[in-house]
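Each remark here refers to the structure printed beneath this line.
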Amino acid sequence: MLPDHLSHLEAVAASLYINNTSIVIISYYNRPNHKLSTALLLYAAQLNHAIVLGDFNARHTDYGDTLSNPSGRLLNSLLTDLALCRMHNINSSFISHQGCSIPDHILITENLTPSINLHCNIGTTVTSDHLPLTPHFLFDGPPPPPDNRLQTGRLEKISTNYLREPAGHDPHDRPPTWTSRPPGSRK
């Protein structure tokens, strides 16, 4: 889904349709000591609704990190000129025996700012050396599916007369022949 000129990047994109809005979500990995992709961020900024997230390996003291690196300085500079906002996070998202840093980011287009809480949290990790950043949408998603589970209860009386009724007879024309009561209740 990314344009051809971005196919060399370690990035993947998908569209999310929610509340009649299409949001392009781009997951991006920028290797350490590689230059941050200006072209990717320019592309995302021109989209109406987009989220770019991942390991940018972009560290900057303005983001609460202990140092700034070239990718961090470039990201900080691009964010002053592009219609992108960095979601606020000052917690370390990478922790190793050598120390902690904030190389992971979530960027959103300005059009999404009313729909997302601009503060993200550290989520629960399972198998990574990076802690996940979790954004929080401010609008409701689609309603949950209906509960199709059968009601459970104790049946008091079951009629099998419907098994003996002639073909063509509508079983719904008679009153119910069984009742249920909550478990544990007495007659």
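The values are calculated or read from the model by the stated rules, or taken from the named source; none is laboratory data. Because the structure is a prediction, the values reported are computed rather than measured. Cβ sites come from the backbone with ideal geometry, for glycine too, and all protein chains shown count toward neighbours.
Output the residues belonging to the range 67-91 that are touching a strand residue (DSSP E or B) at 6+ places or on another chain (Cβ under 8 Å), modelled with pLDDT under 85 and either surrounded by fewer than 19 Cβ atoms within 10 Å (Cβ to Cβ) or basic (Lys, Arg) (or both). Matches in the range 67-91: 88, 91.
Residue count for the range 16-32 under the criterion of being in contact (Cβ under 8 Å) with a residue 24 or more places away in the chain and not in a strand (DSSP E or B): the result is 4. Do we find that residue 18 is out of contact with any helix residue (DSSP H, G or I) (no Cβ under 9 Å at 6 or more places or on another chain), surrounded by 10 or more Cβ atoms within 10 Å (Cβ to Cβ) and not polar (S, T, N, Q) in this structure? So residue 18 passes the test.
Looking at 13, 44, which is the one that is in a helix (DSSP H, G or I) and either without any contact (Cβ under 8 Å) to a residue 40 or more places away in the chain or out of contact with any Pro (no Cβ under 9 Å at 6 or more places or on another chain) (or both)? Outline the logic, then answer.
Details: 13 fails: in a helix (DSSP H, G or I).
Being in a helix (DSSP H, G or I) and either without any contact (Cβ under 8 Å) to a residue 40 or more places away in the chain or out of contact with any Pro (no Cβ under 9 Å at 6 or more places or on another chain) (or both) holds for just one of 13, 44, which is 44.
The condition (being assigned to a helix (DSSP H, G or I) and over 24 Å from the mean Cα position of the chain (by Cα)) is satisfied by just one residue among 66, 80: 80.
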